[in-house]
Amino acid sequence: MLKSQKMRSVAVEMDALKMGMGWTVSDLGKTQIFLQSTWGDSHPGSVHLDKLVKSAEERILSLGAKPAKYTTTDICDGIAQGHDGMNYSLLSREMIANMIEIQATATPFDGGLYICSCDKGVPAHLKAIARLNMPSIIVTGGVMKAGPDLLTLEQIGTYSALLGRGEITETEFKEKQHNACPTCGACAFMGTAATMQVMAEALGLALPGTALIPATFEEILDISADAGEQLLELVKQNITSSDILTYEAFENAIMVHAAIAGSTNALLHIPAIAHEVDIEITPDLFDEIHRRIPYLANVRPSGKYPAEYFWYAGGVPAVMEEIKEHLHLDVMTVTGKTLGENLADLRANGYFEKSEIMMEKYNMKRSDVIYQYHKPIHKEGAIAILKGNLAPEGSVIKHSAVANEMMTVTLSALPFNSEEEALEAVMNGTVKPGHAVFIRYEGPKGSGMPEMFYTTEAIASNPELVSSVALITDGRYSGATRGPAIGHVSPEAVSGGPIALVEKDDLIRIDIPNRTIDIIGVAGVEKSPQEITEILNIRKENWVNPITKVKKGILSIYCKLAVSPIKGAYME
């Protein structure tokens, strides 16, 4: 007997209450589907999801099941940039997942269809799917189209920095600002939203070939309807999320992450999702996989093309075809088939030929966007995990966006205790070539782990600084970040990590090929490792945890309960 039907005899008021919503007696006995979305007027990635919900609802109803619509909308990192709203971004992942758990547990359901698009909405839904362990499918809401001359939103930070330095006019800036988001959908580059849509499919929880479809395409409504139909099959077969979210599935997702040069924020989200099914995903696993899986996706911000071109070129299945010799092809997916069977079906159905035809419309080849395995953009993936006396637990860098001259470098420390101070120093010229700019007390326990997007863009847009300055933080970065930006430094400053002990003119050695980051000198003078250890011990004894940003309400609770950035910054 279905769970929803078992519970009717336990919660005897349930039938009456549902009939009060207009349900019929017949509806009460049907398969009950939890139809959850992040629909709302919060940002372009969620504003259109009601149409996908309606399409899925109609298909589910036509097949004799009964969906119940729920909404837990998300916030937008872009809208939250530059003010204290960004402190609430990462914790929103936790709260959305918690609310979905509440909704889906308080009312018995037999399966769940989850429709979402963006930075925190997708990982929150994935966390909830893992936690609830019932038959589930995720539908990702696609990406927005690029603007004029392939303009995409991540470029606006650069134009803002140019305006601030007087290099473009207000009119020129407004022209870019007003045309960067021409349609609904997630941001049109391989930022966190696009990365997590890809991760949902790579984990086996979304239908093959669906991630990053342009949100304005009519096909996205068919995808949502088809997902609703397939969900009913999963209910019949009792295939739950725990059947899909295996260790091997997470390894597959990380391999795809390497191939697409995905956002560093995936190193927060993938471990947090895995934690829900009692699987530990370490940063070392990311590093190991990224060392052996080549970077293939020529998509912004690391590559040339907007994210819609990724879908035109075949999307996730095309990437998986290129790296399939590394993948665990026997993992189960929401099709009810293994990954290997899915790829075989796509080949047999002409899926890859269709993507070639699609690319011909743009006078391009698939390999212009998704490179071949033996002719990669780079022989390694985009992410490196750096460890050393500055980051004993680890730190994260997207080295695909780092200039060659910054791969191994010694810099002079210039520490700040907030992003606001660091950004001002970049803009007023205090930051000079050769500086290692530190932004600390911005980790999950410090301030909620906001992005440092504006500071990275101010540096990346400055020709004098972009190849001569590193930015190091216990906070995180936008998926659009470029340049030598090292984040997730752990332990974080508020916990007394070594990043809290850095002083002006300390010498910082960054060695990306050897995966190290260390304090090697003081006041511009190099010291022995033993001397550095003694100096740091003395500084630790004298360290006083400063009063950081005032926190109250849910931000206060999150900062108390969040684990280390390198572990995923989830609440525990």
Problem set entry | Failed criterion for Asp84 (all others in (1) at pLDDT 95 or above; (2) touching a Lys or Arg at 6+ places or on another chain (Cβ under 9 Å); (3) of a type outside the set (Phe, Trp, Tyr) hold) | (1)
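So, in the range 509-546, of the ones that are within 20 Å of Pro491 (Cα to Cα) and among the acidic types (Asp, Glu), which residue ends up surrounded by the fewest Cβ atoms within 10 Å (Cβ to Cβ)? I'd like the intermediate steps shown before the answer.
Initial filter on the range 509-546 (within 20 Å of Pro491 (Cα to Cα)): 509-512, 515-520, 529, 532-546.
Within this subset, residues satisfying the condition of being among the acidic types (Asp, Glu) are 511, 518, 534, 541.
Values: Asp511: 15, Asp518: 20, Glu534: 12, Glu541: 7.
This residue is Glu541.
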Problem set entry | Breaking point among (1) in contact with a strand residue (DSSP E or B) (Cβ under 6 Å, 6 or more places away or on another chain); (2) surrounded by fewer than 24 Cβ atoms within 10 Å (Cβ to Cβ), for Ala436 | (2)
For this session: State which residue is least open to solvent (accessible area, probe 1.4 Å) when the search covers only the range 157-171 and only residues that are at pLDDT 90 or above and assigned to a loop (DSSP other than H, G, I, E, B).
Result: Ile168
Problem set entry | Residue, nearest to Ile60 (Cα to Cα), within the range 104-156, restricted to residues that are among the basic types (Lys, Arg) and surrounded by fewer than 23 Cβ atoms within 10 Å (Cβ to Cβ) | Arg131
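Within the range 400-423, track down each residue that is of a type in the set (Asp, Glu), open to solvent by 40 Å² or more (accessible area, probe 1.4 Å) and in contact with a strand residue (DSSP E or B) (Cβ under 9 Å, 6 or more places away or on another chain). Break it down stepwise before answering.
Residues of the range 400-423 that are of a type in the set (Asp, Glu), as a first pass: 405, 419-421.
When the remaining residues are screened for being open to solvent by 40 Å² or more (accessible area, probe 1.4 Å), the result is 405, 420-421.
Glu421, the sole residue that qualifies.
Please go through the range 52-97 and pick out each residue that is among the charged types (D, E, K, R) and open to solvent by 20 Å² or more (accessible area, probe 1.4 Å). It would help to see each step written out before you state the result.
The first filter runs over the range 52-97 and keeps only residues among the charged types (D, E, K, R), leaving 54, 57-59, 66, 69, 74, 77, 84, 93-94.
Within the range 52-97, Lys54, Glu57, Glu58, Arg59, Lys66, Lys69, Asp84 meet the criteria.
Among Ala206, Ala211, Ala180, which is the only one that is part of a loop (DSSP other than H, G, I, E, B), out of contact with any strand residue (DSSP E or B) (no Cβ under 6 Å at 6 or more places or on another chain) and open to solvent by less than 10 Å² (accessible area, probe 1.4 Å)?
Values: Ala206 fails: out of contact with any strand residue (DSSP E or B) (no Cβ under 6 Å at 6 or more places or on another chain); Ala211 fails: out of contact with any strand residue (DSSP E or B) (no Cβ under 6 Å at 6 or more places or on another chain).
Going through Ala206, Ala211, Ala180 in turn, just one is part of a loop (DSSP other than H, G, I, E, B), out of contact with any strand residue (DSSP E or B) (no Cβ under 6 Å at 6 or more places or on another chain) and open to solvent by less than 10 Å² (accessible area, probe 1.4 Å): Ala180.
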Problem set entry | helices (runs of 4 or more DSSP H) wholly inside the range 7-112 containing at least 3 residues that are under 30 Å from Phe453 (Cβ atoms) and free of Cβ contacts under 8 Å to residues at least 60 places away in the same chain | 89-106
Exercise. Among Ala106, Ala68, Ala97, which is in contact with a Lys or Arg (Cβ under 6 Å, 6 or more places away or on another chain) and of a type in the set (A, V, I, L, M)?
Worked result: Ala97
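The values are calculated or read from the model by the stated rules, or taken from the named source; none is laboratory data. Model, not experiment: these values are computed from the prediction. We place every Cβ from the backbone using ideal geometry, glycine too, and count neighbours over all the protein chains shown. To get the accessible areas, we keep the full protein, side chains included, count just its heavy atoms, and leave off ligands, DNA and RNA. Shrake-Rupley method; radii C 1.70, N 1.55, O 1.52, S 1.80 Å.
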